[in-house]
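These notes are about the structure you will find just below.
Quick note: the coordinates plus some simple rules give every number you see, no bench work behind them. Source: prediction; values computed, not measured. When we count neighbours, we look across all protein chains shown, and the Cβ atoms used for this are built from the backbone with ideal geometry, even at glycine.
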Amino acid sequence: MKKYTFAVLSVLTLLFASCTASKSASSGDDLFGTTWELEYISGPRIAFEGLYPNKKPQITFDKKETKVYGNNGCNGYSAPYTLNGKSLTFGEPGPTTMMFCEGGGEQTFLKQMEKITSYSIDKDGKLNLIQGDIPMMRFKKVAKQ
């Protein structure tokens, strides 16, 4: 009887764990409910602090509207996104505010967003936006919603 009970409990535990893991891995829920702040961007030869001397870019995913919004280091922005598992792409940004800013990071940020093909959340809870298999931008959580 003990072997039978142990076997049933083992199977139920495995079943529950696999359902939970597949749901969280494919739903994209790890993107939502927080604001992410850029801490690394690939490409420019200018130091990160030089690109964003006053404000670091931020991104927030709106699940209901399927849009992202935030700040690109200077101006506010919003853009549609498409999420399918870990595959992620961004559409054309909508209207933004029109402030003049130093550093030149605004265009670097927007151009990198156009190239993103997927995302991952690493073991430290950081959001990596990826082009192909190369992480192009890394964000940290800064605010819960």
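Multiply the residue gap between Ser78 and Lys123 by 0.36 nm, knock off their C-alpha separation, and tell me the result in nm, one decimal place.
13.4 nm
Using the Karplus relation 6.51 cos²θ - 1.76 cosθ + 1.60 with θ = phi - 60°, the per-residue 3J(HN,Hα) values for region 54-64 come to 10, 8, 8, x, 10, 9, 10, 9, 9, 5, 5 Hz, with x marking Gly and Pro. For Lys140, a cut-off of 19 angstrom between C-alpha atoms picks up these aspartates and glutamates, skipping any fewer than 8 places away in its own chain: Asp29, Asp30, Glu37, Glu39, Glu49, Asp62, Glu106, Asp122, Asp124.
For the residue pairs Lys64/Lys123; Lys111/Lys141; Lys55/Lys123; Lys55/Lys86, the alpha carbons lie more than 24 Å apart in Lys64/Lys123; Lys55/Lys123; Lys55/Lys86. Between Val142 and Ala47, the C-beta separation translates, for a Förster distance of 25 Å, into a calculated FRET efficiency of about 0.75.
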